[in-house]
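What follows is a single structure, written as structure tokens, with notes after it.
Taken together, the values in this text are just the output of simple stated rules run on the coordinates, not laboratory data. Computed from a predicted structure; not experimentally measured. For neighbour counting, all protein chains shown are included, and Cβ atoms are generated from backbone atoms with ideal geometry for every residue, glycine included.
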Amino acid sequence: MALLEVKDLKVRVEEREILHGLTLTVNEGEIHAIMGPNGSGKSTLSHVIAGKPGYEVTDGEILFKGEDLLAMAPNERAAKGVFLAFQYPVEIPGVSTMNFLRTALNAQRKARGDSEYSTPDFLKKVREVSKSLNIPQDMLKRGVNVGFSGGEKKRNEVLQMALFEPSLCILDEMDSGLDIDALRIAADGVNALHSPKRAMVVITHYQRLLNYIVPDVVHVMSKGRVVKSGAKDLALELESSGYAQYEDA
Amino acid sequence: MNVAVAKTGNGRAVSDLFASAEGRLPGSPAVIAVRREAFETYERLGLPHRRIEEWKYTDLRALVGEVLPLAAAPDAAALKRAADAVKAHAIAGARKLVLVDGVFVADLSDVKALASEAGFKTLRETLEKDSGLLKTAAIDAVIALNAAMATDGVVLDIADGAQLSAPIQIIHVAIAASASTFTRSQIAVGKGARATIIESFVAAGAKAYQVNDAVLVKVGDNADVAHIRLMDDSPDAVNITSQFVTIGANTKLNFFNMTTGAAVSRMQGFITLAGEGSELSVNGVNLLQKTEHGDTTLVVDHAVPNCVSREVFRAVIDDRAHSVFQGRIIVRPDAQKTDGKMMIRALLLSDEAEADNKPELEIFADDVSCGHGATAGALDDSLLFYLKARGLPEKQAQALLIQAFVGEAIEQIADDDLREHVIGIAERWLERRQ
């Protein structure tokens, strides 16, 4: 069943069109990779799906579970099950990771009409999840991402993914700023969370990440459109031939 | 002598204020003479206005207009309402001293429990013998008016070496609408003593009342004092409060003020480091909304060498509110090795919010380390989006970031329970925004 349907999406930033009619369908449980050169519009797509301000959708639509995603505020999208793992997760001094996680989880549950977690129940859950992802407890006491290494920030994103249990995860260049060990740890976390009900969209510049997270479908983006889609071998082909052949497409 | 009589906005002569209250003001004939002199000072100066440098940003003539008549002494119904308010605002475990509409109320206070640990009198009692408490080093029209009109207050004497087992909470409850209260208190902390003092200003249904409060604080050598003020007035109140603080040697004073109400408020502090080797920490938070005007004015005077002073202030300004911070650090010629720093940060939540930050250093010594910083800005959009992308609605995302913003000042309160109490007041302010 189609989880995410992006149809002929046109997006502008400050009068300049970045996406020129992008179409993409992601079904439940699938892993999609979106590859493409810098400036092809990969991150713009992820931002528009999550609802970041500053982007003007001039045409097309995005349906999530059949509903109009663009009509929803970012927090409503999160509560519906959209999760964007940020390329550069922000640091929030003065807000402990634990407080942030509890506030966010309960806000999502409240929006869905579920009961909010009590503090002991929440603590139990966050301990279970962080243990399964090998995240040390002291990380949770610190300010959100404050003083975290690049790898820790990405693991914090994976922890949130595990806690919030979204049905669509968009990983925006999660390999940027990570060494190979940190990348493997983060990717292991993502793989552990993949399920028949949970789809993943992996946005990456390099094929490297796809050694760890194996996609069902690979899309090549260029100049604001998906110019080619194929099986996972397409990524390997791109690695050897480069993006140049698509630049003029 | 021909003195021009100051008139209020509606033409009523201000001298009516004193004449109509005189019969109710406590004090011996000598004290009444001191009061009359103070009132003449006030009459001569009139309410402070923008052409007086210290009041440039808080023009009381424009903001307040006139001083309301003295509140009547509370009746039985008022005391019953006050009792409920005291219950709601009392800090667990603290010994309470309650003033209702400017009158000390023993029945609502823990005088007996306090007696074993600290000396206590009311201002009313003290003034029967002595006018000393009506005199202060710094003087302006508001302080002079307070000296003239003060009806009551608490006079605390914490003996040398006393280690208070519980905090003392002075609770000012406003009951009367459209009336003024004038209170003056003294807190004397002896050598080597350890104490936590909280002052709370709350309303029990009172509207449009005016508070003019003065507190004289004297801290001896080798003492350790936490002094916390919580100005949680009703939204249409006026609260002008003046603190006169003198600190001895090798003493620690941790002062914190939070404003979460009042149409017009000003906390002016005159703090003198009079003994070497002391550490002063002065912190505060102003949470302002609607058209509220909140002013923090501080003069920290390093009169002797080798003291440290730190000021951390945060102002959160919503709607068309106006925050004022004036901080002056004076380093006297002898006060070598002074280490004085102040930092004020204002968070503007609306395009019409206004912050005036005026830090000043007056340094007359040559071997010192002093500095100040002032910033004003909006909430960071990238942080807001991150929180919203994780499911927090806009206002809740803002609230979390505002809490973090004021956290740095509130964290200076060492006691966990007190800090939680203060955070609770800040959270209620944030809920009122939602």
Checklist entry - ³J(HN,Hα) across region B:268-276 via Karplus (A = 6.51, B = -1.76, C = 1.60, θ = phi - 60°), whole Hz, x for Gly/Pro? => result 10, x, 10, 10, 10, 8, 9, x, 6
Checklist entry - Could you give the nm distance between label points at B:Glu22 and B:Glu37, where each point is 7 Å from its Cα heading toward the beta carbon? => result 1.7 nm
Next on the checklist: On C-alpha positions alone, give me the angle between the axis of helix A:150-164 and the longest principal axis of chain A, in degrees, nearest 10.
Outcome noted: 80 degrees
Item to check | Long-range HN-HN contacts of B:Ser278 with modeled amide H, under 5 Å | outcome: B:Asn250, B:Thr251, B:Val308
Checklist outcome for this item: Any residue on another chain or 5+ positions along whose placed amide H is under 5 Å from the amide H of B:Lys207 is listed here as B:Ala177, B:Ser178
Checklist entry - Can you pull the mean other chain C-beta count within 10 Å for peptide B:148-159? => result 0
Item to check | aspartates and glutamates with Cα under 16 Å of B:Lys252, excluding same-chain neighbours fewer than 8 positions away | outcome: B:Asp160, B:Asp221, B:Asp224, B:Glu276, B:Glu279, B:Asp301, B:Glu311, B:Asp339, B:Asp415
Item to check | Rg to Rh quotient for chain A, alpha carbon positions, Kirkwood Rh | outcome: 0.96
Checklist entry - Could you work out the helix-only [θ] at 222 nm for chain B, with each DSSP H run of four or more residues adding -39,500 (n - 2.57) and the total divided by the number of residues, to the nearest 500 deg cm²/dmol? => result -7000 deg cm²/dmol
Item to check | Given B:Lys207/B:Lys290; B:Lys96/B:Lys191; A:Lys153/B:Lys388; A:Lys52/A:Lys131; A:Lys110/B:Lys395; A:Lys153/A:Lys232, the pairs whose alpha carbons are separated by over 21 Å | outcome: B:Lys96/B:Lys191; A:Lys52/A:Lys131; A:Lys153/A:Lys232
Next on the checklist: Using a Gaussian network model on chain B with a 10 Å cutoff between Cα atoms, which of B:Ala77, B:Ala237, B:Ala214 fluctuates the most?
Outcome noted: B:Ala77
Item to check | MRE, 222 nm, helices only [DSSP H, n ≥ 4, -39500 (n - 2.57), over chain A, to nearest 500] | outcome: -11000 deg cm²/dmol
Next on the checklist: In whole Hz and in residue order, list the ³J(HN,Hα) couplings for region A:67-82 that follow from phi through the Karplus curve 6.51 cos²θ - 1.76 cosθ + 1.60, θ = phi - 60°; x for Gly and Pro.
Outcome noted: 9, 6, 5, 5, 7, 9, 6, x, 5, 5, 4, 4, 5, 6, x, 9
Checklist entry - For A:Gly29, which sequence-distant residues (separation of 5 or more, or a different chain) have an amide H within less than 5 Å of its own amide H, given hydrogens modelled in the peptide plane? => result A:Arg198, A:Ala199
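Give me a single rounded figure for B:379-387: the average over its residues of other chain Cβ atoms within 10 Å of their Cβ.
That average works out to 6.
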Checklist outcome for this item: For chain B, shape from the Cα gyration tensor axes a ≥ b ≥ c, cut at a/c of 1.5 then a/b versus b/c, turns out rounded
Checklist outcome for this item: Comparing B:Ala88, B:Ala223, B:Ala144 in a Gaussian network model of chain B (Cα, 10 Å), the one with the largest mean-square fluctuation is B:Ala88
Item to check | Considering only the protein assembly as shown, percent of DSSP beta bridges that pair antiparallel, nearest 5 | outcome: 20 percent
Checklist entry - Is there a simple number for the mean count of other chain Cβ atoms within 10 Å of the Cβ of residues in A:95-108, and what is it? => result 4
Item to check | Most mobile of B:Ala73, B:Ala137, B:Ala409 in a GNM of chain B (Cα contacts under 10 Å) | outcome: B:Ala137
